[in-house]
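I'd like to ask you about the structure that follows.
The values are calculated or read from the model by the stated rules, or taken from the named source; none is laboratory data. None of the values given here were measured: they were computed from a predicted structure. Quick reminder, even Gly has a Cβ in these numbers, built from the backbone with ideal geometry, and neighbours come from all protein chains shown.
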């Protein structure tokens with residue numbers, strides 16, 4: 001406790017000095033002081049430039065390089081102190097100030113995780129059925145996350161995790177073009193959600209060769225007949241033709257997909 005008309009130096013942290021001259025006011029009641037430090041709840045490191053507010057006269061101050069703060073010349077009584085800092089959640093503590101004494105009130109702030117993904121769109125196909133997206137934490141707190149897909153033909157693995165890691169997105173159905181939305185959510189802050197748009201390309205059907213006619217009749221009056229080469233599939237068709245009889249020649253037209261069949265001997 002401080003005596004009337006005394007001088008005192010209050011130190012909190014290696015860099016913070018406060019010189020006070022305290023005189024006893026009318027009624028003989030000395031003011032009190034609150035000192036403390038704001039630290040990271042996980043690392044215990046000091047948090048500089050944290051804002052510390054006092055529910056008395058709208059008083060507020062910022063912490064110094066060692067996380068220290070001070071409120072002086074306070075009437076005796078109970079106070080609520082609230083601290084906040086960028087990247088952290090706020091926290092409040094109650095403290096009782098006794099006349100002429102220094103009350104110490106340290107505050108710990110928990111870091112807030114900030115979810116980010118390395119990409120917001122992927123394209124999958126039968127040739128590349130899976131893709132990885134990195135889960136990134138740009139915040140100061142521990143990131144707990146979960147991932148879901150709105151289409152059963154698109155799966156995610158793992159479906160949840162802690163910290164930074166890769167999320168594998170896999171398509172299982174390529175019979176038609178489809179789309180899906182994969183949502184990755186910060187479990188401790190559901191509003192912090194990233195959406196990944198997934199496009200799945202249908203696998204085209206393989207080339208399927210057909211001809212417009214499976215038999216032709218040639219004669220001296222009609223020595224040639226053309227048939228159409230058809231592709232009932234979706235993949236490009238590369239075709240060729242051959243004859244097992246030297247008197248029957250073939251003239252392929254790969255541009256127009258036709259085959260001309262010609263007989264050269266009508267003796268038998």
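Can you name every residue in segment 217-232 that is under 17 Å from residue 268 (Cβ atoms) and in contact (Cβ under 8 Å) with a residue 12 or more places away in the chain?
218, 219, 220, 223
When you look at residue 206, is it closer than 30 Å to residue 116 by Cα and either part of a loop (DSSP other than H, G, I, E, B) or not assigned by TED's automatic domain parsing to the domain that holds residue 137 (or both), yes or no?
Judged against the criteria, residue 206 is not a match.
I'm trying to understand the selection: among the residues of segment 179-189, which are surrounded by fewer than 16 Cβ atoms within 10 Å (Cβ to Cβ) and under 19 Å from residue 88 (Cβ atoms)?
Result: 187, single match.
Matching residues to (1) within 18 Å of residue 47 (Cβ to Cβ); (2) touching a residue at least 24 places away in the same chain (Cβ under 8 Å); (3) out of contact with any helix residue (DSSP H, G or I) (no Cβ under 7 Å at 6 or more places or on another chain); (4) crowded, with 16+ Cβ neighbours inside 10 Å:
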| position | (1), (2), (3), (4) |
| --- | --- |
| 80 | no, yes, yes, no |
| 104 | yes, yes, yes, no |
| 118 | no, no, yes, no |
| 131 | no, yes, yes, yes |
| 148 | no, yes, yes, no |
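From the list 217, 140, 230, pick out the single residue that is farther than 30 Å from residue 85 by Cα and in a loop (DSSP other than H, G, I, E, B).
217
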